[in-house]
């Protein structure tokens, strides 16, 4: 199960920066691709790259509808090229994750995420995703049949297998299918790099694979080696850093992935630097700002024992980020920030900082946001109860645990609530330790011990 958490976390963080606000909804988002003309237009590389660049820029700046329009245009103008369908599938995946508040790496550290599946995906969305990925794969295979050395076809074949792995892990929560598709994705991209060593973008998948396998517990890693699976955390990070420097289309994806991996390695300042760089480049992206704030909270926790003054200053900087996201200063044309998500993450950060009273207020606010996403309300109520326990307000905590039990069982929240009713919640060290081979938080272990 620990491998599940690591695998899903790395997949999620690879796309955190390209998420769109859940409030932006339109029938056009799920509309089918326009029927292509009988004869495809001659391939115009310059126009193709311009449309793709505009689509990527829109995604990173949270203009979700603008991105989908561009990707749909690619599929219409170039129906024989797999890019349009693959990018539409990716944007559908991101929309689905964001609407259910699953674009948080910390969510996948919760083992309950893999147990309860009450929040099933809309069958129509599932069917649309499968249709888009099927079309992508068919186009790639047709091009490779005509030319086995078609590097773009090989790249998108690996990309769509990786996308299916991410969908399986984070939407369907089917870990075995995710592993199979993930392995296929890495294989295609390794073949691509053999054909063209300068195709640096393909190394994102390879670097992630190296890191995941290199992070396995020693016993599991030994068994994996016997079956030909080899990896290295150091090599994986170095590969991603190369893509961040030299990649053509995936530089920012590599940087986003590095944010999460460097946090796991307790290189919080380096993680913050990447997050701050991307947040400055894409000022509408509130998720990147929260990633930067989270890195600062972790850095402050490291500093607290040796330099309390520095820790206090770093914490204040992190909290200022959350305060800015909650301030009604974005204007009518600014990004529609999901307040339930911001309040929840703010409360979680305050808990790490030992400020349980303030944390309780933020978590209560998260659950009370009008129109808040249902699973987020349940998670916020549970975390609110835990914050109240830490603040010594046991009677109020019990009421919140009971409220959680009255709601649908999201991510095994009922088990956590029943545990909280038996005895008060205890918080120890909340961050992942570099020396913990399971990649499990001490907070989670403390709860298992209760």
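The values are calculated or read from the model by the stated rules, or taken from the named source; none is laboratory data. Remember, it's a predicted structure, so these values are computed and weren't measured experimentally. Positions of Cβ are generated from backbone atoms using ideal geometry, with glycine treated the same way; all protein chains shown enter the neighbour counts.
Conditions (1) crowded, with 23+ Cβ neighbours inside 10 Å; (2) touching a helix residue (DSSP H, G or I) at 6+ places or on another chain (Cβ under 7 Å); (3) free of Cβ contacts under 8 Å to residues at least 12 places away in the same chain, marked per residue:
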{"position": "249", "(1), (2), (3)": "no, yes, no"}
{"position": "254", "(1), (2), (3)": "yes, yes, no"}
{"position": "257", "(1), (2), (3)": "yes, yes, no"}
{"position": "271", "(1), (2), (3)": "yes, yes, no"}
{"position": "274", "(1), (2), (3)": "yes, yes, no"}
{"position": "280", "(1), (2), (3)": "no, no, yes"}
{"position": "288", "(1), (2), (3)": "yes, yes, no"}
{"position": "293", "(1), (2), (3)": "yes, yes, no"}
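Search segment 341-355 for residues being within 25 Å of residue 422 (Cα to Cα) and crowded, with 20+ Cβ neighbours inside 10 Å, and hand back the single one that is modelled with the lowest pLDDT.
Per the stated criteria, the residue is 352.
Consider residue 392 against the criteria (1) modelled with pLDDT under 95; (2) surrounded by fewer than 20 Cβ atoms within 10 Å (Cβ to Cβ): it satisfies all of them except one. Which criterion is unmet?
Only one criterion is unmet by residue 392, namely (1).
Based on what the data block shows, is residue 318 in contact with a helix residue (DSSP H, G or I) (Cβ under 7 Å, 6 or more places away or on another chain), modelled with pLDDT of 95 or more and in a helix (DSSP H, G or I)?
Yes; evaluated as a whole, the condition is true for this residue.
For residue 344, state whether it is touching a residue at least 24 places away in the same chain (Cβ under 8 Å) and under 30 Å from residue 357 (Cβ atoms).
Answer is yes for this residue.
Residues in segment 132-153 that are loosely packed, with under 13 Cβ neighbours inside 10 Å, closer than 16 Å to residue 190 by Cα and in contact with a helix residue (DSSP H, G or I) (Cβ under 8 Å, 6 or more places away or on another chain): how many?
1
Could you grab me the full set of residues in segment 375-400 that are more than 13 Å from residue 364 (Cα to Cα), touching a helix residue (DSSP H, G or I) at 6+ places or on another chain (Cβ under 6 Å) and in a helix (DSSP H, G or I)?
Once the filter is applied, which keeps residues that are more than 13 Å from residue 364 (Cα to Cα), touching a helix residue (DSSP H, G or I) at 6+ places or on another chain (Cβ under 6 Å) and in a helix (DSSP H, G or I), segment 375-400 yields 389, 390.
Of the conditions (1) crowded, with 23+ Cβ neighbours inside 10 Å; (2) under 21 Å from residue 288 (Cβ atoms); (3) at pLDDT below 95, residue 379 fails just one. Which one is it?
Failed condition: (2).
Cβ-Cβ under 8 Å, sequence separation 6+ or interchain: first residue in segment 43-68 and at positive phi, partner part of a helix (DSSP H, G or I). Which pairs?
62/286
What number goes with the only condition from (1) surrounded by fewer than 17 Cβ atoms within 10 Å (Cβ to Cβ); (2) under 28 Å from residue 96 (Cα atoms); (3) at pLDDT 85 or above that residue 180 does not pass?
(3)
So, in segment 401-413, of the ones that are assigned to a helix (DSSP H, G or I) and touching a helix residue (DSSP H, G or I) at 6+ places or on another chain (Cβ under 6 Å), which residue ends up surrounded by the fewest Cβ atoms within 10 Å (Cβ to Cβ)?
So, considering only residues that are assigned to a helix (DSSP H, G or I) and touching a helix residue (DSSP H, G or I) at 6+ places or on another chain (Cβ under 6 Å), the one surrounded by the fewest Cβ atoms within 10 Å (Cβ to Cβ) is 405.
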